[in-house]
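Asker: Have a look at this one before I ask anything.
Each reported figure results from applying straightforward, stated rules to the coordinates on display, with no laboratory input. Just so it is clear, the structure is predicted and the values come from calculations on it, not from any experiment. Here Cβ is always computed from backbone atoms with ideal geometry, including for glycine, and neighbour counts include all displayed protein chains.
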Amino acid sequence: MQKRLNMVLFGPPGAGKGTQSEKIIERYNLTHISTGDLFRKHLGEGTALGLEAQRYMDNGKLVPDEVVIGMVDDKISATTDSNGFIFDGFPRTVPQAEALDKLLTSAGQSISVMISLEVPEEELKQRLRNRAKVSGRADDQDDEKIQTRIEEYRAKTLPVAAYYKTQGKLVMINGVGSIEDIFAGIRQVLDPLNQLA
Ligand code: AMP
């Protein structure tokens, strides 16, 4: 099977993954898999999966790996026609990254690159407080929950960058500046890969 452009967009809460993923999807025509969005959709529809995830999300904790992996597996299997995937907010633990490698391998695919948006912690907190005013997200609303999410990120998610670094797939991009400048940095990484895909 032909290799596609499959990428992981990585970074702490508030790094700008949602904003940049919209631009990436438009330019490269990728299928978006955002586990946060999928959980919020389940929650809105009142499914059992949504209710289970809510217990963790409301407290800023990570949803258990097997729940997340099952949901991503379903989404990949249900996608028949695609130029590739952009994974956004996933994988967030090393076991999730290992599971993703297995899922893609069995589909004859692999991760092409992980792009990590680098943003200092003080800037992240400020962005999340601002987002709280407009997002309506329960997990954006208080400083304690924001702190928990940043701690979860440091303890469980940061090792995922090392996982892809070992595979030679990690590229760090400056995540501070205008949306267009940050996207220009991303294009420099993805344009050459897209020609190969
Ligand atoms: P996000 O929209 O990516 O910030 O995700 C919102 C919340 O959904 C997180 O704080 C977690 O509770 C949950 N979540 C989203 N993606 C994952 C994941 N890959 N692993 C575990 N929990 C997740």
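Asker: Run down the lysines and flag those whose C-alpha is under 22 Å from the C-alpha of residue 75, throwing out any fewer than 8 positions away in its chain.
Answerer: Here the lysines satisfying the reach criterion relative to residue 75 are 3, 17, 23, 41, 102.
Asker: Rounded to the nearest 500 deg cm²/dmol, what is the calculated helix-only ellipticity per residue at 222 nm for the chain, with -39500 (n - 2.57) per DSSP H run of length n ≥ 4?
Answerer: Rounded to the nearest 500, the figure is -18000 deg cm²/dmol.
Asker: Can you work out the Karplus-derived ³J(HN,Hα) for every residue in region 97-110? Use 6.51 cos²θ - 1.76 cosθ + 1.60 with θ = phi - 60°, whole Hz, and x for glycine or proline.
Answerer: So the J values, rounded to whole Hz, are 5, 5, 5, 5, 4, 5, 4, 6, 4, 6, 9, x, 10, 7.
Asker: Using a Cα-Cα cut-off of under 18 Å, which aspartates and glutamates could be cross-linked to residue 125, ignoring same-chain neighbours fewer than 8 residues away?
Answerer: Straight-line reach from residue 125, under 18 Å: 58, 139, 140, 142, 143, 144, 151, 152.
Asker: I would also like to ask the following. What does the net charge come to around residue 114 if you take all other residues with beta carbon closer than 13 Å to its beta carbon, with K and R at +1 and D and E at -1?
Answerer: Residues near residue 114 contribute +1 overall.
Asker: OK, next. Shape call for the chain from the C-alpha gyration tensor, a ≥ b ≥ c root eigenvalues: rounded (a/c under 1.5), prolate (a/b greater than b/c) or oblate?
Answerer: oblate
Asker: If R0 is 25 Å, what FRET efficiency do you get for residue 165 and residue 188 from their C-beta distance, rounded to 0.05?
Answerer: 0.85
Asker: Same structure, new question: Would you tally the net charge around residue 146, using a Cβ to Cβ cut-off of less than 9 Å, leaving residue 146 out, and scoring K and R as +1, D and E as -1?
Answerer: -1
Asker: In which sequence would 93, 105 go, from the one with the fewest C-beta neighbours within 10 Å to the one with the most?
Answerer: Least to most surrounded, the residues fall as 105, 93.
Asker: What's the extension gain from residue 178 to residue 102 if we count 0.36 nm per residue and subtract their Cα-Cα distance?
Answerer: The span from residue 178 to residue 102 would gain 23.7 nm if fully extended.
Asker: Within a Cβ distance under 13 Å of residue 41, other residues only, what is the Lys/Arg minus Asp/Glu net charge?
Answerer: -1
Asker: Then there's this: Quick check: Cα centre of region 167-197 to Cα centre of region 51-111, how many Å?
Answerer: 22 Å
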